[in-house]
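The structure appears below as structure tokens.
The values are calculated or read from the model by the stated rules, or taken from the named source; none is laboratory data. A quick note: this is a predicted structure, and the numbers were derived from the prediction, not measured. When we count neighbours, we look across all protein chains shown, and the Cβ atoms used for this are built from the backbone with ideal geometry, even at glycine.
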Amino acid sequence: MRHFVGEFIGTFILVFFGCGAVAVSILFQSYSGLFQIAMIWGIAVSLAIYASRGLSFAHLNPAVSIAFVLAGRMSCRKIPVYLGAQFLAAFLAAAMIYALFGHVIVGQEAAQQIVRGTPESIRFARMFGEYFYQPAGSALHVPYGVAFLAEAFGTFLLMTFIFALTEGCNVGRPHEQLAPVFIGAAVTIIICIIAPLTQAGLNPARDFGPRLFAYFAGWGKASIPGPDNGFLGVYILGPITGAVAATAFFKCLFQPQSQNGTDDKVNCC
């Protein structure tokens, strides 16, 4: 129960602040650029870790939980608890965002004559789940393979930073009290590069929880499966693939080389 509560609190904070920033940007044009939203996501990650790591390991992301199991940092028996808390928290965070801004969404849909559930309604659905699709022939068209690569590589970078910032053998890592700040900074940078392609999900719970809420809130097929049926491959399997690859990199290269360069007394875990 302690781990469930920790993951629930941390993931709720992360998704509410992050998706809330996206919602405010879409509805009110409150930000002048991507960097501001990326910074909010990064700060939200740091705050969520600080708020929850005393209760759980503050994964806040199914891909991170799976990677930690593969790296031997967590028992696989905890996976259902962690993933259940993460997905539930993300769903309820989206519900809270809709409770706050739903009337504004309805008003703008009416003003722009947008019918919820149609392709045009994706403009507002993007504040919940992520989208990479643009019409073929558009200068902004993102092919499915590129979208998958972007999500996988972005998560690979994030997971690599998490390992590097928390690995005992890495003598260059910051103090453990500062690690959440640097992890949040890593998220900010990754979003700045990846978001123009896919909105930079990097987290299956952050995508699927709000996307599922959007499905029930009337977006239907525009939300699930979405354009090109891409949510499962790009936003679920993509981050998991990237996290697994980062774990292999950590186990096979980073950790052995770190152990070779440090005193045997250093704890490598």
Practice item. State yes or no: is Val171 in contact (Cβ under 8 Å) with a residue 12 or more places away in the chain, surrounded by fewer than 18 Cβ atoms within 10 Å (Cβ to Cβ), β-branched (Val, Ile, Thr) and more than 30 Å from Val115 (Cα to Cα)? Key: yes
Examine the stretch 28-43 for a residue that is aromatic (Phe, Trp, Tyr), assigned to a helix (DSSP H, G or I) and within 18 Å of Ile189 (Cβ to Cβ), and state whether such a residue exists.
yes
Quick count over the stretch 60-84, residues being at pLDDT 95 or above and either polar (S, T, N, Q) or not in a helix (DSSP H, G or I) (or both), is 3
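Results for (1) surrounded by fewer than 17 Cβ atoms within 10 Å (Cβ to Cβ); (2) over 25 Å from Leu178 (Cα atoms); (3) within 19 Å of the chain's Cα centre (by Cα), shown as yes or no for each residue.
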position: Arg2; (1), (2), (3): yes, no, no
position: Ser32; (1), (2), (3): yes, yes, no
position: Val45; (1), (2), (3): no, no, yes
position: Ile49; (1), (2), (3): no, no, yes
position: Ser56; (1), (2), (3): no, no, yes
position: Gly72; (1), (2), (3): yes, no, no
position: Gln86; (1), (2), (3): no, no, yes
For this session: Kindly check whether there is at least one residue in the stretch 225-232 that is at pLDDT below 95, among the small types (Gly, Ala, Ser) and closer than 21 Å to Ala63 by Cβ.
Result: yes
Counted residues in the stretch 85-120 being part of a helix (DSSP H, G or I) and out of contact with any Ser or Thr (no Cβ under 9 Å at 6 or more places or on another chain) come to 21
Checked the stretch 233-253 for anything modelled with pLDDT of 90 or more and farther than 15 Å from Tyr144 by Cβ; matches are Pro239, Ile240, Gly242, Ala243, Val244, Ala245, Ala246, Thr247, Ala248, Phe249
Pairs returned, first residue in the stretch 199-213 that is on the phi < 0 side of the Ramachandran plot and charged (D, E, K, R), second residue that is surrounded by fewer than 24 Cβ atoms within 10 Å (Cβ to Cβ) and assigned to a loop (DSSP other than H, G, I, E, B), beta-carbon separation under 9 angstrom, 6 or more apart or interchain, are Asp207/Gln199; Arg211/Ile224
**Report entry** Val104 modelled with pLDDT of 95 or more and either basic (Lys, Arg) or touching a helix residue (DSSP H, G or I) at 6+ places or on another chain (Cβ under 8 Å) (or both)
**Finding:** yes
Restricting the stretch 196-211 to residues that are more than 14 Å from Met127 (Cβ to Cβ) and over 11 Å from the mean Cα position of the chain (by Cα), the one surrounded by the fewest Cβ atoms within 10 Å (Cβ to Cβ) turns out to be Pro196
